[in-house]
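Let me begin by presenting the structure, written as structure tokens, before commenting on it.
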Amino acid sequence: MHELQPVPAKSKLEAVVDRLVDFISSNRYSAGDRLPSERELMDALGVGRSSVREAVRKLEALNALEIRHGAGTFVRRTIQPGEILVPLAIREERGALLLALDLRRALESEAAALAALRGSDADIANIEEKLLAMEAVHQAKGAALEEDEAFHRSIYEAAQNPLFEQIISNMRGPFLKFFSNAVKSTRIGESSFPLHRELYQAIADRDPERSRAKTVELLDLVEQDLRMMD
């Protein structure tokens, strides 16, 4: 396993963040994997508890890590060394999310089109795998928020531009938190669910324009869900 190296004293927070990113990348951590304990990171990096916590919180704000109280810190999405880390301040409120949807339409529709044009056969197979997992959970539980996120993340990866995954995943985080309580008692997201297979098929058919259109159609339904919620 790739070893963590002690962090120089200067620019400590930035250095800790860089080391964590390098550790995640070098050890091929993927979404859902658990990071070493806080104490292990403190010892390995030669820094105090507050520095480790600040670095983890920064990566959590970037939707790269998830802190599960009582369970540990888990990878939410993989990030690469040298990646531009730009946190987006989007409130988990309907008005702010509706504004963010304007940007999501532009970015996600382009990512889907590029996935259709650039995605390898392995990328397309990965998208289908994530779709099948989402459909299975949806049929069993009626909601599949984490699987839905994994499906869309596989499309961003297929676009062959890491900035799509970084920026869009960062934007999707507040939506995921906002909807997480709603889907426990309602059928929010039910109307948009069938469109995921249609979107996959458009990408698999290497049809960029249909991929764009299906993405916009899907996000239009997300907007409808947002507007109907109290």
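The values are calculated or read from the model by the stated rules, or taken from the named source; none is laboratory data. Everything numeric in this text was worked out from a predicted model, so none of it was measured. All Cβ positions, even for glycine, are placed from backbone atoms using ideal geometry, and neighbour counts span all protein chains on display.
Rundown of residues vs (1) surrounded by 18 or more Cβ atoms within 10 Å (Cβ to Cβ); (2) over 17 Å from residue 198 (Cβ atoms); (3) polar (S, T, N, Q), yes/no style:
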| residue | (1), (2), (3) |
| --- | --- |
| 114 | yes, yes, no |
| 119 | yes, no, no |
| 132 | no, no, no |
| 135 | no, no, no |
| 140 | no, yes, no |
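Given (1) buried (at least 22 other Cβ atoms within 10 Å of the Cβ); (2) closer than 18 Å to residue 32 by Cβ; (3) without any contact (Cβ under 8 Å) to a residue 60 or more places away in the chain, identify the lone condition not met by residue 165.
(3)
Which ones in the stretch 32-46 are on the phi < 0 side of the Ramachandran plot and at pLDDT 80 or above? Spell out how you get there, then give the answer.
Narrowing the stretch 32-46 to residues on the phi < 0 side of the Ramachandran plot: 33-45.
If the condition is that a residue be on the phi < 0 side of the Ramachandran plot and at pLDDT 80 or above, then 33, 34, 35, 36, 37, 38, 39, 40, 41, 42, 43 are the ones that fit.
How many of the residues making up the stretch 107-162 are part of a helix (DSSP H, G or I), within 19 Å of residue 79 (Cβ to Cβ), over 12 Å from the mean Cα position of the chain (by Cα) and of a type in the set (A, V, I, L, M, F, W, C)?
The total comes to 3.
Kindly list, by first and then second residue, each pair from a residue in the stretch 207-230 that is surrounded by 18 or more Cβ atoms within 10 Å (Cβ to Cβ) to a residue that is not aliphatic (A, V, I, L, M) and not in a helix (DSSP H, G or I), limited to pairs with Cβ atoms under 6 Å and residues at least 6 apart or on different chains.
Correct list of pairs: 218/192.
Can residue 96 be described as without any contact (Cβ under 8 Å) to a residue 12 or more places away in the chain, surrounded by fewer than 18 Cβ atoms within 10 Å (Cβ to Cβ) and assigned to a helix (DSSP H, G or I)? I'd like the intermediate steps shown before the answer.
Working: without any contact (Cβ under 8 Å) to a residue 12 or more places away in the chain: no; surrounded by fewer than 18 Cβ atoms within 10 Å (Cβ to Cβ): yes; assigned to a helix (DSSP H, G or I): yes.
No: the conditions fail for residue 96.
When you go through (1) in contact with a His (Cβ under 6 Å, 6 or more places away or on another chain); (2) over 27 Å from residue 228 (Cα atoms) one by one for residue 144, which number turns out not to apply?
(2)
For the subset of the stretch 20-74 comprising residues that are in a loop (DSSP other than H, G, I, E, B) and in contact with a Pro (Cβ under 6 Å, 6 or more places away or on another chain), which member is surrounded by the most Cβ atoms within 10 Å (Cβ to Cβ)? Outline the logic, then answer.
Filtering the stretch 20-74 down to residues in a loop (DSSP other than H, G, I, E, B) leaves 27-33, 35-37, 46-48, 62-64, 69-71.
With in contact with a Pro (Cβ under 6 Å, 6 or more places away or on another chain) added as a condition, the list becomes 46, 62.
Working: 46: 15, 62: 22.
In this case the residue turns out to be 62.
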